[in-house]
1. Of everything in region 147-167, what is within 15 Å of the ligand (Cβ to nearest atom) and without any contact (Cβ under 8 Å) to a residue 40 or more places away in the chain? Give them in sequence order.
2. Just checking, does region 198-208 include any residue being more than 28 Å from Asp131 (Cβ to Cβ), modelled with pLDDT of 90 or more, exposed (fewer than 15 other Cβ atoms within 10 Å of the Cβ) and more than 16 Å from the ligand (Cβ to nearest atom)?
3. So if I check each of Ala143, Ala154, Ala122, which one is of a type in the set (Gly, Ala, Ser) and within 15 Å of the chain's Cα centre (by Cα)?
4. Name the residue that is least open to solvent (accessible area, probe 1.4 Å), counting only residues in region 135-146 that are away from the ligand (no atom under 16 Å from the Cβ) and of a type outside the set (D, E, K, R).
5. Give the residues of region 77-134 that are away from the ligand (no atom under 15 Å from the Cβ), part of a loop (DSSP other than H, G, I, E, B) and of a type in the set (A, V, I, L, M, F, W, C), sorted by residue number.
6. Please go through (1) farther than 17 Å from Tyr60 by Cβ; (2) touching a residue at least 24 places away in the same chain (Cβ under 8 Å) for Glu102 and return the number of the only condition it doesn't satisfy.
7. Across region 1-57, which residue is nearest to the ligand (Cβ to nearest atom) among those that are open to solvent by 40 Å² or more (accessible area, probe 1.4 Å), touching a residue at least 60 places away in the same chain (Cβ under 8 Å) and part of a helix (DSSP H, G or I)?
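The values are calculated or read from the model by the stated rules, or taken from the named source; none is laboratory data. If you're wondering where the values come from, they're calculated on a predicted model, not measured in any experiment. Every residue, glycine as well, gets a Cβ built from its backbone with ideal geometry; the counts of neighbours run over all protein chains shown. Only protein heavy atoms, including side chains, enter the accessible area calculation; ligands, DNA and RNA are left aside. Shrake-Rupley method; radii C 1.70, N 1.55, O 1.52, S 1.80 Å.
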Amino acid sequence: MPTPLEPGLYIVATPIGNLGDITPRAVEILRGVAAIACEDTRITGKLLHHLEIDARMIRYDDHASEATREHLLGLAAEQPLALVSDAGTPLISDPGFKLVREARGRGIAVTSLPGPSALVVALTLSGLPSDRFLFAGFLPNKAKARTDILAELASLKATLVFYETAPRLLDSLAAVAEVLPGREVAVARELTKKFEECRSGSPEELAAHYAAHPPKGEIVLLVGPPGEAPAPGEADVDALLRAALQTEKASQAAAQVAKATGLDRKALYARAMELK
Ligand code: SAM
């Protein structure tokens with residue numbers, strides 16, 4: 001007999017396409033809980049059927065009534081309750097935030113079981129810098145709101161990750177081309193599924209491709225960070241040094257120009273001495 005689960009809320013990530021991506025621990029928890037809170041009982045029902053789990057499902061999203069949330073919190077305080085979304089990790093552009101916040105506030109145990117999330121799959125696949133990224137959910141539908149958000153994020157030195165839908169992809173690529181020109185972009189589609197693809201290029205190149213081959217399925221749009229400004233040429237460096245030398249000693253001038261250009265201070269000092 002498996003050990004009964006402790007009461008509490010268990011956040012369980014589920015596959016985003018490939019059913020093989022459910023973890024053994026997720027299956028064990030889904031089998032062991034008293035009930036599963038889910039967005040759509042038909043979708044979760046199919047997953048449970050595949051896993052041969054017969055569990056009680058309760059429909060829940062963040063727009064659910066206070067009464068439904070109270071009911072779930074009452075359950076989680078007394079028994080183990082799982083939270084799943086239609087696909088991927090709950091709370092990531094999916095319901096769950098209000099329930100988790102409230103559960104934590106009341107001292108109910110919360111456990112999160114890691115598993116698939118389209119944003120991580122797309123980021124790791126894209127070849128774009130992964131050391132710093134910002135996940136911004138879905139871009140707004142309205143053109144002005146969309147360009148406003150892109151402009152707000154323009155100066156961030158990070159890869160930007162957006163969830164996207166096929167019918168809106170061309171509009172979003174056009175907005176990226178306009179507001180974030182010169183960026184490398186990637187479109188990750190149908191991840192973990194049969195027709196998975198990840199295509200990168202400029203927003204204009206990708207727009208031309210998807211205008212000719214209208215995209216289908218689920219999409220993550222990624223925008224690379226702004227490039228470094230090109231290193232200044234020799235003539236520019238000399239001009240900067242000459243200007244600084246008018247008021248500063250060679251060492252100070254070199255330090256100033258090093259700060260402005262990121263170039264090596266010692267090399268700049270040697271050049272400043274030649275120019276003096
Ligand atoms: N919670 C989910 C997660 O952790 O990935 C995301 C849910 S959100 C409502 C759905 C969006 O996620 C889709 O519109 C798409 O942008 C992205 N997505 C989900 N599955 C995907 C897949 N297999 N391939 C590409 N994008 C996917």
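1. Of everything in region 147-167, just one residue is within 15 Å of the ligand (Cβ to nearest atom) and without any contact (Cβ under 8 Å) to a residue 40 or more places away in the chain, namely Pro167.
2. For region 198-208, residues more than 28 Å from Asp131 (Cβ to Cβ), modelled with pLDDT of 90 or more, exposed (fewer than 15 other Cβ atoms within 10 Å of the Cβ) and more than 16 Å from the ligand (Cβ to nearest atom): present.
3. From the options Ala143, Ala154, Ala122, the qualifying one is Ala122.
4. Taking the candidates together, the pick is Ala145.
5. Ile108, Ala109, Leu128, listed by residue number.
6. Of (1) farther than 17 Å from Tyr60 by Cβ; (2) touching a residue at least 24 places away in the same chain (Cβ under 8 Å), only one is false for Glu102: (1).
7. Asp21
Listed here are the residues, each with its yes/no results for (1) open to solvent by less than 20 Å² (accessible area, probe 1.4 Å); (2) in contact (Cβ under 8 Å) with a residue 24 or more places away in the chain; (3) touching a His at 6+ places or on another chain (Cβ under 7 Å); (4) β-branched (Val, Ile, Thr).
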{"residue": "Thr68", "(1), (2), (3), (4)": "no, no, no, yes"}
{"residue": "Ala76", "(1), (2), (3), (4)": "yes, yes, no, no"}
{"residue": "Ala82", "(1), (2), (3), (4)": "yes, yes, no, no"}
{"residue": "Leu91", "(1), (2), (3), (4)": "no, yes, no, no"}
{"residue": "Asp94", "(1), (2), (3), (4)": "no, yes, no, no"}
{"residue": "Ile108", "(1), (2), (3), (4)": "no, yes, no, yes"}
